[in-house]
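The values are calculated or read from the model by the stated rules, or taken from the named source; none is laboratory data. This one's a predicted model, so the numbers in the text were calculated from it and none came from an experiment. In this analysis, Cβ positions are derived from the backbone assuming ideal geometry, glycine residues included, and neighbour counts consider all displayed protein chains.
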Amino acid sequence: MRLKHIDDNWVVHAPAKLNLFLEVIGKRADGYHDIETVMAAVDLHDTLVFRATSSDEIVLRCHHSGSHPAGNSAPDFVPEGSENLVVRAAELLRAQGKLTSGIRIDLFKRIPAAAGMAGGSSNAAASLFALNQLWNLRLDLTELQQLASQLGSDVSFFLSPSPLALCQGRGEILRPIHSPARLHFVIVRPESGLSTALVYKHCVPEPNPRGAEGLIQSLQRGDLKKACELMCNSLQRPAELLNSEIHRLKAAFSKLPVCGHMMTGSGTAYFGVCQNRLQAMTAAARLKAWGLGRVFVAASPP
Ligand code: ATP
């Protein structure tokens with residue numbers, strides 16, 4: 001993440017993620033699940049703009065690209081109060097630093113919500129990262145990651161310098177993965193979203209969970225074909241039972257010349273892995289014509 005200072009504003013981009021592998025190992029006593037997942041940050045991002053104010057309030061305004069969500073039952077609805085992870089991150093950091101400073105935050109949303117792309121978690125990580133500097137708190141990465149894990153399982157990933165990582169525990173134990181090549185994706189977010197909690201509730205952990213090592217080695221060798229053969233997501237089956245749009249997307253992606261395809265996280269977004277940007281753009285044009293949802297082309301950072 002990089003923070004830019006423009007006049008009185010501090011600007012940071014918060015990337016989305018895709019899961020290339022997700023195995024649910026088992027349910028824990030604290031209610032969370034132990035998982036093993038490979039996450040890739042992509043260049044589809046939200047933008048957060050921070051401005052110091054003279055009041056002691058934390059004020060968040062969300063701005064949506066395209067049509068504004070119709071109401072708080074719309075899948076892309078994002079709250080602006082203390083339920084928003086951006087506000088929670090600011091409150092947590094402010095308490096940690098024993099500050100009373102206020103802040104105005106403008107959040108420009110592009111990452112679809114309730115899509116399995118961790119927009120909220122990424123926004124929270126961006127807020128911790130930016131406010132640590134803006135408020136001159138000087139917390140190091142370990143201290144920020146400790147706060148991140150209190151906000152959500154995926155938040156730590158976005159603070160890590162590696163855009164590709166194996167994430168274990170409930171997602172907060174990270175091991176960076178070095179891949180020689182950029183990964184190119186085409187992504188569709190159908191009309192509806194899915195709640196992460198609901199999908200996990202319907203997921204039965206595998207008695208013999210698969211490991212991610214084979215996929216990781218393929219990514220490290222730059223063997224895209226093998227990596228795609230080893231992609232899997234154990235949340236896809238329960239998500240398909242809860243939402244028929246995912247099955248429809250799977251059938252549509254099967255007709256496309258992509259290297260591999262799968263649902264990300266707890267859905268509902270579905271992605272294809274492509275050889276290059278041209279293949280991703282060509283697939284995107286066909287998916288748009290089929291009218292299956294909002295279509296994005298994205299890549300892992302260079
Ligand atoms: P994950 O992959 O981590 O499960 P997701 O992509 O399925 O996440 P998010 O978009 O991160 O889901 O958020 C899910 C819900 O969290 C939203 O429907 C919204 O009500 C709430 N939320 C809180 N803060 C935010 C935020 N900053 N951006 C988006 N959603 C937020």
>> Quick test of your reading of the structure: Gly265 fulfils all but one of (1) in a helix (DSSP H, G or I); (2) under 29 Å from Glu36 (Cβ atoms). Name the failing condition by number.
In response: (1)
> If Leu139 satisfies every condition in (1) farther than 21 Å from Leu48 by Cβ; (2) more than 16 Å from the ligand (Cβ to nearest atom) but one, which is the exception?
Replying inline: (1)
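Determine whether segment 53-76 contains at least one residue that is hydrophobic (A, V, I, L, M, F, W, C) and within 20 Å of Ser160 (Cα to Cα).
To start, the set of residues in segment 53-76 that are hydrophobic (A, V, I, L, M, F, W, C) comprises 58-60, 62, 70, 74.
Subsequent filtering for residues that are within 20 Å of Ser160 (Cα to Cα) retains none.
Within segment 53-76 (the criterion being hydrophobic (A, V, I, L, M, F, W, C) and within 20 Å of Ser160 (Cα to Cα)), the answer is no, since none of the residues qualifies.
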> Is it fair to say Arg170 is within 20 Å of the chain's Cα centre (by Cα), among the charged types (D, E, K, R), buried (at least 17 other Cβ atoms within 10 Å of the Cβ) and more than 11 Å from the ligand (Cβ to nearest atom)?
Replying inline: yes
> Got a sec? Which of Ala283, Ala289, Ala251 is in contact (Cβ under 8 Å) with a residue 12 or more places away in the chain and either within 16 Å of the ligand (Cβ to nearest atom) or hydrophobic (A, V, I, L, M, F, W, C) (or both)?
Replying inline: Ala283
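Listed here are the residues, each with its yes/no results for (1) surrounded by fewer than 17 Cβ atoms within 10 Å (Cβ to Cβ); (2) touching an Asp or Glu at 6+ places or on another chain (Cβ under 9 Å); (3) more than 25 Å from Val155 (Cα to Cα); (4) of a type outside the set (Gly, Ala, Ser).
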{"position": "Lys201", "(1), (2), (3), (4)": "yes, no, no, yes"}
{"position": "Gln220", "(1), (2), (3), (4)": "yes, no, no, yes"}
{"position": "Pro257", "(1), (2), (3), (4)": "yes, no, yes, yes"}
{"position": "Met263", "(1), (2), (3), (4)": "no, yes, no, yes"}
{"position": "Ser266", "(1), (2), (3), (4)": "no, no, no, no"}
{"position": "Ala284", "(1), (2), (3), (4)": "no, no, yes, no"}
{"position": "Ala289", "(1), (2), (3), (4)": "yes, no, yes, no"}
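Among Asp46, Asp8, Asp76, which is of a type in the set (Asp, Glu), out of contact with any Asp or Glu (no Cβ under 7 Å at 6 or more places or on another chain) and away from the ligand (no atom under 13 Å from the Cβ)?
Among Asp46, Asp8, Asp76, only Asp8 is of a type in the set (Asp, Glu), out of contact with any Asp or Glu (no Cβ under 7 Å at 6 or more places or on another chain) and away from the ligand (no atom under 13 Å from the Cβ).
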>> Can you tell me which of (1) crowded, with 24+ Cβ neighbours inside 10 Å; (2) within 15 Å of the ligand (Cβ to nearest atom); (3) modelled with pLDDT of 95 or more; (4) within 22 Å of Leu235 (Cα to Cα) is the one Val186 doesn't meet?
In response: (2)
>> Checking the conditions here, which among Ala227, Ala181 is at pLDDT below 95 and away from the ligand (no atom under 15 Å from the Cβ)?
In response: Ala181
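So that you can scan it fast, the table gives a plain yes or no per residue for (1) of a type in the set (Gly, Ala, Ser); (2) surrounded by fewer than 17 Cβ atoms within 10 Å (Cβ to Cβ):
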| position | (1), (2) |
| --- | --- |
| His178 | no, yes |
| Glu191 | no, yes |
| Met231 | no, no |
| Leu242 | no, no |
| Ala251 | yes, yes |
| Gly260 | yes, no |
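Considering every residue within segment 134-142, establish whether at least one is of a type in the set (Val, Ile, Thr), more than 15 Å from the chain's Cα centre (by Cα), assigned by TED's automatic domain parsing to the domain that holds Ala29 and more than 15 Å from Leu44 (Cβ to Cβ). Lay out the reasoning, then the answer.
Within segment 134-142, the first condition is being of a type in the set (Val, Ile, Thr), and the residues that meet it are 142.
Adding the requirement that they be more than 15 Å from the chain's Cα centre (by Cα) leaves 142.
Now narrow it down to the ones that are assigned by TED's automatic domain parsing to the domain that holds Ala29: 142.
Checking the rest, the ones that are also more than 15 Å from Leu44 (Cβ to Cβ) come to 142.
Checked against the condition, which is being of a type in the set (Val, Ile, Thr), more than 15 Å from the chain's Cα centre (by Cα), assigned by TED's automatic domain parsing to the domain that holds Ala29 and more than 15 Å from Leu44 (Cβ to Cβ), segment 134-142 yields at least one hit.
Scan segment 28-40 and give yes if some residue there is under 15 Å from the mean Cα position of the chain (by Cα) and within 12 Å of the ligand (Cβ to nearest atom), otherwise no.
yes
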>> Go through (1) surrounded by fewer than 15 Cβ atoms within 10 Å (Cβ to Cβ); (2) among the polar types (S, T, N, Q); (3) modelled with pLDDT of 95 or more for Asn208 and report which single condition fails.
In response: (3)
> Only one of (1) at pLDDT below 95; (2) under 19 Å from Ala41 (Cβ atoms); (3) among the hydrophobic types (A, V, I, L, M, F, W, C); (4) within 16 Å of the chain's Cα centre (by Cα) fails for Ala197. Which number is that?
Replying inline: (2)
>> Is it the case, given these coordinates, that Ile111 is farther than 19 Å from Leu194 by Cβ and at pLDDT 95 or above?
In response: no
> If you take the residues in segment 80-116 that are under 30 Å from Gln236 (Cβ atoms) and in contact with a Lys or Arg (Cβ under 6 Å, 6 or more places away or on another chain), which one is nearest to the ligand (Cβ to nearest atom)?
Replying inline: Ala115
